[in-house]
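In what follows, a single structure is set out as structure tokens and then discussed.
No lab work stands behind these numbers, since they all come straight from the coordinates. None of the values given here were measured: they were computed from a predicted structure. Because the Cβ atoms are built from the backbone with ideal geometry, glycine has one as well, and the counts that use them run over all protein chains shown.
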Amino acid sequence: MAEGAVLFANIGELVTNDPGHGPTPLGLVGDAALVVERGRVAWVGPSADAPATDESHDLGGRAVIPCFVDSHSHLVFAGDRSAEFAARMSGTPYSAGGIRTTVAATRAASDEELTAQVARHVAEMRRQGTTTVEIKSGYGLTVLDEARALAIAREFTGETTFLGAHVVPEGTTPDEYVDLVTGPMLEKAAPYAKWIDVFCEDGAFGADQARTILRAGMAEGLLPRIHANQLGHGPGITVACEVGAASADHCTYATDDDLTNLRDAGVVATLLPGVEFSTRSPYPDARRFLGAGVTVALASDCNPGSCYTSSMPFCVAVAVRDMAMTPAEAVWSATAGGAAALRRDDVGHLAVGARADLVVLDAPSYVHLAYRPGVPLVHQVVAHDPVTER
Ligand SMILES: [Zn+2]
């Protein structure tokens with residue numbers, strides 16, 4: 001191998017997500033080795049066939065999986081809503097209006113405070129094996145505050161999403177606000193964003209407004225994704241399929257027609273089990289999605305209101321326990337599924353040529369992520385993303 005190549009040997013079980021290496025979905029290799037060269041996977045195979053390298057590490061039979069790809073988070077915020085959580089656990093139902101509490105705190109925070117908050121959460125995610133993260137705006141809701149949130153998020157990831165259409169702020173009508181989001185706010189936000197998103201739900205934005213907002217963003221070169229069908233059956237999934245969104249997120253309430261449409265339109269369904277957990281709501285049945293041939297991603301939705309976890313291992317465990325996924329399906333959805341939801345082919349798998357982002361587990365098998373819920377199983381994160389690496 002070339003100079004600087006690093007061998008990781010004695011991997012008890014390697015998840016590649018590459019069908020070329022083993023059965024789908026995980027492409028498992030037992031007693032495996034992997035070589036990293038210039039930040040990319042250069043060789044994968046049985047330990048016995050591993051090439052000679054300058055540097056090598058014996059992983060002691062531990063399992064290795066690709067780093068998690070968390071395709072849905074809201075990390076640019078200030079304030080604390082633990083009291084609201086406690087009230088919810090005492091019986092107060094969740095509603096979209098709680099977002100406004102965070103908006104007030106976020107507007108009042110300094111750039112430095114918000115940046116430090118994002119840095120803290122990105123580091124927290126990395127310790128739990130996540131090295132690719134999407135970050136949304138949506139707690140500013142003014143032209144300057146939304147642009148500021150995206151500029152801060154951009155310091156940490158290329159996967160930034162303009163979510164000015166999170167909720168209609170106080171003191172403005174829905175129509176006035178849609179004009180603002182699709183006009184001056186979009187103009188200032190677009191240079192810092194890759195994606196455009198809208199919370200399509202009763203109490204937030206309706207189907208026509210969602211279409212208008214997503215199409216305005218697309219006209220500025222942003223790619224569409226959507227918060228859909230979280231709190232009830234609604235038009236969000238239909239809109240996602242119409243505009244060719246990369247992903248429809250939540251999908252807690254989906255009809256059989258919705259599933260067919262997602263599959264036919266090639267829209268990923270991103271399920272967010274932490275939200276149902278943290279709002280004590282019914283879970284979506286992932287089996288229905290998988291049975292219908294829909295690509296499923298799992299993401300954290302890390303946010304201060306409806307789900308304040310940054311842990312993808314936790315999401316995997318809940319998806320297996322309560323959403324009828326197998327451990328293999330859940331791990332695939334939290335890695336390769338997340339990559340599909342972000343239309344990335346360089347992360348979420350460990351085939352030759354992929355970014356060499358690996359999680360070494362303190363366990364002999366990926367199954368332990370679901371089998372041992374709540375246990376910190378991440379032994380080491382090897383990552384080559386220039387942003388989360390610092
Ligand atoms: Zn969300």
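To one decimal place, what orientation-averaged projected area in nm² is obtained for the convex hull of the Cα set of the chain?
Values: hull surface 72.1 nm².
The directionally averaged projection comes out at 18.0 nm².
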Candidates A245, A228, A363; GNM for the chain (alpha-carbon contacts under 10 Å) flags as most fluctuating A363
Quick check: Cα centre of the range 229-291 to Cα centre of the range 36-55, how many Å? 39
Taking θ as phi - 60°, what are the ³J(HN,Hα) couplings along the range 253-261 by the Karplus curve (6.51, -1.76, 1.60), each to the nearest whole Hz, with x for Gly and Pro? 10, 9, 7, 4, 5, 4, 5, 4, 5
Quick one: what do you get for the range 254-326 if you divide its Cα Rg by 2.2 N^0.38 Å? 1.09
Taking the Cβ of P66 as the center, what net charge do the other residues with Cβ under 12 Å away carry, scoring Lys and Arg +1 and Asp and Glu -1? -1
How many angstrom lie between the Cα centre of the range 62-87 and the Cα centre of the range 136-161? 17
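So in the chain, what percent of DSSP beta bridges are antiparallel if you round to the nearest 5?
On the way: 22 of 51 bridges.
Antiparallel bridges make up about 45 percent of those DSSP assigns within the chain.
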Loop only by DSSP, 15 or fewer other Cβ within 10 Å of the Cβ. Give me the trypsin sites (Lys or Arg not before Pro) in the range 218-293 that pass, ordered by residue number. R280
To test your reading of the geometry: what angle, between 0 and 90 degrees and rounded to tens, separates the Cα axis of helix 143-154 from the longest principal axis of the chain? 0
Just report the Cα centroid separation between the range 163-178 and the range 313-390, whole Å. 36
Within the under-12-Å Cβ sphere about L26, not counting L26, Lys/Arg +1 and Asp/Glu -1 give a net charge of -3
Of P235, P19, P66, which has the largest mean-square fluctuation in a 10 Å C-alpha GNM of the chain? P19
Add -39500 (n - 2.57) for each DSSP H run of 4 or more in the chain, then divide by its residues: what number comes out at 222 nm, to the nearest 500 deg cm²/dmol? -9000 deg cm²/dmol
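What net charge do the residues around P235 carry, taking every other residue with its C-beta under 11 Å from that of P235, with Lys and Arg at +1 and Asp and Glu at -1? Can you show the working numbers first?
Values: positive: R211; negative: E201, D202, D208, E242, D258.
Neighbourhood net charge equals -4.
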Cα-based Rg/(2.2 N^0.38 Å) for the range 181-319, rounded to two decimals, is 1.02
Where both residues lie in the range 1-79, what percent of DSSP beta bridges are antiparallel, nearest 5? 70
If every alpha-carbon in the range 234-296 counts as one equal scatterer, what log10 I(q)/I(0) does Debye give at q = 0.16, 0.19, 0.20, 0.29 1/Å? -0.45, -0.62, -0.68, -1.28
Name the most mobile residue of A340, A86, A153, meaning the one with the largest mean-square fluctuation, in a Gaussian network model of the chain with Cα contacts below 10 Å. A86
At q = 0.12, 0.17, 0.20 Å⁻¹, what is the log10 ratio I(q)/I(0) for the range 290-385, with the Debye formula run over Cα points and no solvent? -0.39, -0.81, -1.12
